[in-house]
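Asker: I'd like to ask you about the structure that follows.
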Amino acid sequence: MKLIRLIISKLIISKLIISKLIISKLIISKLIISGILISECKMGEEMKLIELLIMSGIIMIIISGCIMGGRYRYTDNARMGGGREIKVWISEEFKEEEREEIRKGIGEWNYGLNGRIEIKIEDEGFKEEGEKVAKQVREGGWIIRRIGSGDKRIPKAEGKGLWVIGFVEGIKGQHMYLIWDRLPRDVIKGVVMHEIGHLLGVGHIGHRLMSGEYGKEGSSCIDYETMWAVAEAQDISMEGLNFCADL
């Protein structure tokens, strides 16, 4: 058995940080990171344990947990219409399998928002051209960019062995950045869903998608508290919106 102790300090802006650990036949029991208790995880065979840290302003966010699936079910309200549209431009730099995960994340939000707001992919091959960028700004849409770990726009991570894997420029911002060479494919959907929550105006709340304790299970769907916060931020009624609950 190995005991891993991570001490994380200082906060800057909204971002996801990953500590890349590959562990074989490891039992992790009640690790404490900066005073926050991490739930027990038991793992056999080789798998990845991902420790993620979100930072926003002066709020520390610890994202951690075993990579495991959860069972949940969405509400199924009748489809509504007449809502406003948010257009999304996805960089041409993404690989098809990466775009598929981004589409899944957007699709999950569209199911939850249920027509009151529609997140529409305008272009999956977006090029950094002046007129296209100007159009995105004029229409108030979002750009999702694929950048490498050497990009100078990446905020600096605090702490040895911590990597920024994705970030937005702010709550209700317009740009999302995913760092392709630090981001496992099976995490992309959850990271995109979390960051869309920020773009829709939500900070870090609750114990699920927008929580300070984040794992693959917690990021699998849009919980009631997250959807309620989005409805408040976007000034729309909660009535008819869909959200998930554990089975």
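Asker: Past the 24 Å Cα-Cα mark, which pairs from Lys87/Lys132; Lys104/Lys216; Lys95/Lys216; Lys127/Lys189; Lys132/Lys216?
Answerer: Listed pairs above 24 Å: Lys132/Lys216.
Asker: Which order do Leu199, Leu209 fall in if you start with the one that has the fewest other Cβ atoms within 10 Å?
Answerer: Fewest-to-most ranking of Leu199, Leu209: Leu199, Leu209.
Asker: Sorting Thr226, Thr75 on the 10 Å Cβ count, fewest up front, what's the list?
Answerer: Working: Thr226 24, Thr75 15.
So the residues, fewest neighbours to most, are Thr75, Thr226.
Asker: Separation of segment 182-205 and segment 88-130 by C-alpha centroid, Å?
Answerer: Here the two parts' Cα centres lie 13 Å apart.
Asker: May I ask for the net charge around Ala229, where only other residues with Cβ less than 14 Å from the Cβ of Ala229 are counted and Lys, Arg are +1 while Asp, Glu are -1? Write out the running numbers ahead of the final one.
Answerer: Numbers: positive: Lys172, Arg208; negative: Asp223, Glu225, Glu232, Asp235.
Every neighbour counted, the sum reads -2.
Asker: Within a 10 angstrom radius of the beta carbon, how do Arg103, Arg153, Arg146 rank from fewest other beta carbons to most?
Answerer: Going from sparsest to densest Cβ surroundings: Arg153, Arg103, Arg146.
Since every read-out is calculated from the coordinates, none of them should be taken as a lab result. Keep in mind that this is a model prediction, so the values were computed, not measured. A quick note on method: Cβ atoms are made from the backbone with ideal geometry, for glycine too, and the neighbour counts reach across all protein chains shown.
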